[in-house]
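Worksheet: the structure to be examined is printed underneath.
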Amino acid sequence: MTFSEFVNMGGYGYFIWMCFGMVALVMFAEPLFLRLQRKALKRKLDRVIRMNKRENQSE
Amino acid sequence: MKINWFKYSAPSNFYPVIGKLIPFFMFFAIVLSIGGLYWGFFQTPDVLSDQKQYYRIIFIHVPAAWMSMWLYAVMVGWAVIGLIFNTRLSYMMAAAIAPTGAMFTFLSLWTGAFWGKTSWGTYWDWDPRMTSELMLLFVYIGYMALQSAIDDTRRADQAAAILSLVGLVMLPIIYFSINCPNPAECSSLHQGSSTQQIETNILWAMLVMTIAFWAYAFAVIFMRVRNIILQRERHTKWLQNLTGVKA
């Protein structure tokens with residue numbers, strides 16, 4: 001089996017790769033998005049911690 | 001060894017533990033996906049030379065559809081535990097499962113559409129199985145919408161939990177939409193599900209992919225529940241004192 005035969009999938013390549021492509025795309029995107037969200041949330045948490053420190057110092 | 005499970009109902013104890021589990025589940029998801037796809041693409045063609053190649057969509061279509069229903073049941077389970085014991089972590093788990101469940105529902109519909117185009121000649125039909133799966137997607141979206149529409153977190157969790165209980169009716173409908181007791185009364189375009197009719201290699205590749213998807217679901221749900229904890233508990237002392245949280 002050559003590579004182009006494999007991609008062609010007996011004439012059904014378009015349908016098969018649209019399915020596997022979408023699954024791969026979504027399953028890469030979801031953890032990536034969650035990582036970015038985590039970074040943003042950590043920054044927010046850091047701000048809260050810094051704010052608390054400043055309040056404690058001014059007291 | 002006796003494990004005190006109630007200890008882990010506190011976000012402060014649960015958060016670090018699941019953080020350690022995420023890499024393991026991700027690792028299993030990747031390894032099993034590679035193994036399952038290799039089996040599915042390279043170890044079955046000789047056995048099935050007469051079969052049309054589009055059957056390979058089965059390796060992602062069926063696991064995605066199973067996960068969409070299984071995750072809904074797990075989500076309702078957490079929501080019910082939340083309603084009974086009023087534990088905030090259970091609600092966070094339910095909220096963390098919903099987007100991944102909706103994602104798998106979408107994938108099962110998407111892959112089903114392309115499979116349908118090849119075998120039935122149409123991307124979409126108002127067939128009982130497809131229609132009920134589409135409604136499950138709307139129930140997931142409804143759960144997430146209701147939960148984010150109410151500002152008070154406690155009330156949002158409770159309202160969404162009750163809505164998820166109502167949506168539970170979709171699971172038997174989806175199941176019986178093709179597994180009806182009298183096959184003569186079935187008007188479904190979608191073929192029935194029977195693991196006995198499937199060739200052994202295809203079945204095993206499919207089951208490996210199911211476990212891979214399941215491990216993936218664990219990993220991303222734990223990632224999301226940690227984000228939810230970071231969001232909701234940011235004013236608590238334990239999270240602010242946690243070393244390693246500092247970016």
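Return the residues of the range A:1-20 that are closer than 14 Å to B:Phe59 by Cβ and more than 9 Å from chain B (Cβ to nearest Cβ); say none if nothing qualifies.
Within the range A:1-20, just A:Trp17 meets the criteria.
Within the range A:26-34, is even one residue among the aromatic types (Phe, Trp, Tyr), at the interface with chain B (Cβ under 8 Å from one of its Cβ atoms), surrounded by 14 or more Cβ atoms within 10 Å (Cβ to Cβ) and in a helix (DSSP H, G or I)? First the steps, then the outcome.
Of the range A:26-34, the ones among the aromatic types (Phe, Trp, Tyr) are A:28, A:33.
This time we only want the ones that are at the interface with chain B (Cβ under 8 Å from one of its Cβ atoms), so: none.
The answer is no; no qualifying residue exists.
If I ask for residues that are facing chain A (nearest Cβ under 10 Å) and not aromatic (Phe, Trp, Tyr), which ones from the range B:59-71 would you list?
The initial filter retains those residues of the range B:59-71 that are facing chain A (nearest Cβ under 10 Å), namely B:59-61, B:63-64.
Those that are facing chain A (nearest Cβ under 10 Å) and not aromatic (Phe, Trp, Tyr): B:Ile60, B:His61, B:Pro63, B:Ala64.
Tell me yes or no: at least one residue of the range B:157-178 is over 19 Å from the mean Cα position of the chain (by Cα), surrounded by 17 or more Cβ atoms within 10 Å (Cβ to Cβ), part of a helix (DSSP H, G or I) and modelled with pLDDT of 90 or more.
Looking for residues that are over 19 Å from the mean Cα position of the chain (by Cα), surrounded by 17 or more Cβ atoms within 10 Å (Cβ to Cβ), part of a helix (DSSP H, G or I) and modelled with pLDDT of 90 or more, one finds at least one in the range B:157-178, hence yes.
Quick test for you: out of B:Trp110, B:Trp115, pick the one residue that is at pLDDT 95 or above, in a helix (DSSP H, G or I) and buried (at least 17 other Cβ atoms within 10 Å of the Cβ).
Working: B:Trp115 fails: at pLDDT 95 or above.
Only one candidate passes the filter, namely B:Trp110.
Can you tell me which of B:Gly19, B:Gly36 is buried (at least 22 other Cβ atoms within 10 Å of the Cβ) and more than 10 Å from chain A (Cβ to nearest Cβ)?
Working: B:Gly19 fails: buried (at least 22 other Cβ atoms within 10 Å of the Cβ).
The conditions single out B:Gly36.
Out of all the residues in the range B:183-194, which are exposed (fewer than 15 other Cβ atoms within 10 Å of the Cβ) and either closer than 20 Å to B:Phe104 by Cβ or modelled with pLDDT of 70 or more (or both)? I'd like the intermediate steps shown before the answer.
Step one: list which residues in the range B:183-194 are exposed (fewer than 15 other Cβ atoms within 10 Å of the Cβ), which gives B:183-185, B:187, B:191-194.
Selection gives B:Gln191, B:Ser193.
Given the conditions (1) at pLDDT below 95; (2) at the interface with chain B (Cβ under 8 Å from one of its Cβ atoms); (3) out of contact with any Ser or Thr (no Cβ under 6 Å at 6 or more places or on another chain), which single one is not true for A:Gln37?
(1)
The values are calculated or read from the model by the stated rules, or taken from the named source; none is laboratory data. This structure is a prediction, so every number in the text was calculated from the model and none was measured. Cβ atoms come from the backbone with ideal geometry, glycine included; neighbour counts cover every protein chain shown.
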